[in-house]
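The values are calculated or read from the model by the stated rules, or taken from the named source; none is laboratory data. The structure displayed is predicted, hence computed values, not measured ones. Ideal geometry is used to build each Cβ from the backbone, glycine not excepted, and the neighbour counts take in all protein chains shown.
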Amino acid sequence: MLYIIILLLSIISSFFAPWWMAGLIAFAASFFLSRSGKQAFWISFSAIFTCWLLLIVITLFTSQNLLLARMANLFSLPHPALVVLLSAGTGGLFAGLAGLSGRLVHAMFQVSAPKVKEKEKPLFVLPEFDLN
């Protein structure tokens with residue numbers, strides 16, 4: 001559910017919003033829907049990785065790989081496909097950290113009952129001396 005929401009909202013917003021909107025979407029979705037930090041990070045990462053990979057592949061087919069070859073040459077990469085993986089990986093890492101931040105902010109504001117601790121025994125007890 002979280003994956004589909006982040007993926008669909010990111011694809012829709014990528015046509016009219018800046019690139020960093022994916023981070024805001026991952027943050028908000030993880031804030032409201034994730035159950036753990038691990039889940040928030042990996043689902044946000046994989047959703048935005050998939051989204052950016054899909055959008056890059058669509059762009060490649062429409063531009064006939066001109067930009068991809070120039071970017072690979074600019075960064076001295078041995079194969080142009082590495083540009084695609086690095087771009088999608090960077091977006092995934094950005095969104096994963098945004099999703100984790102959303103979950104941690106949610107946990108910070110979550111009100112829970114205080115835990116009652118039992119009286120702890122000391123680790124070392126000094127012997128008592130009678131001075132009378």
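Kindly provide the set of residues from the range 13-63 that are exposed (fewer than 14 other Cβ atoms within 10 Å of the Cβ), of a type in the set (G, A, S) and under 14 Å from L100 (Cβ atoms), ordered by number. S36, the sole residue that qualifies.
Apart from one condition, A69 fits all of (1) on the phi < 0 side of the Ramachandran plot; (2) at pLDDT 85 or above; the exception is (2). Screening the candidates S87, S101 for the property of being in contact with a helix residue (DSSP H, G or I) (Cβ under 9 Å, 6 or more places away or on another chain), more than 25 Å from M1 (Cβ to Cβ) and among the polar types (S, T, N, Q) yields one hit, S87. In the range 99-132, the qualifying residues are those that are under 22 Å from A28 (Cβ atoms) and not in a helix (DSSP H, G or I), and the one that is modelled with the highest pLDDT is Q110. Filtering the range 76-94 for residues that are closer than 22 Å to M108 by Cα, surrounded by 16 or more Cβ atoms within 10 Å (Cβ to Cβ) and out of contact with any Leu (no Cβ under 6 Å at 6 or more places or on another chain) leaves a non-empty set.
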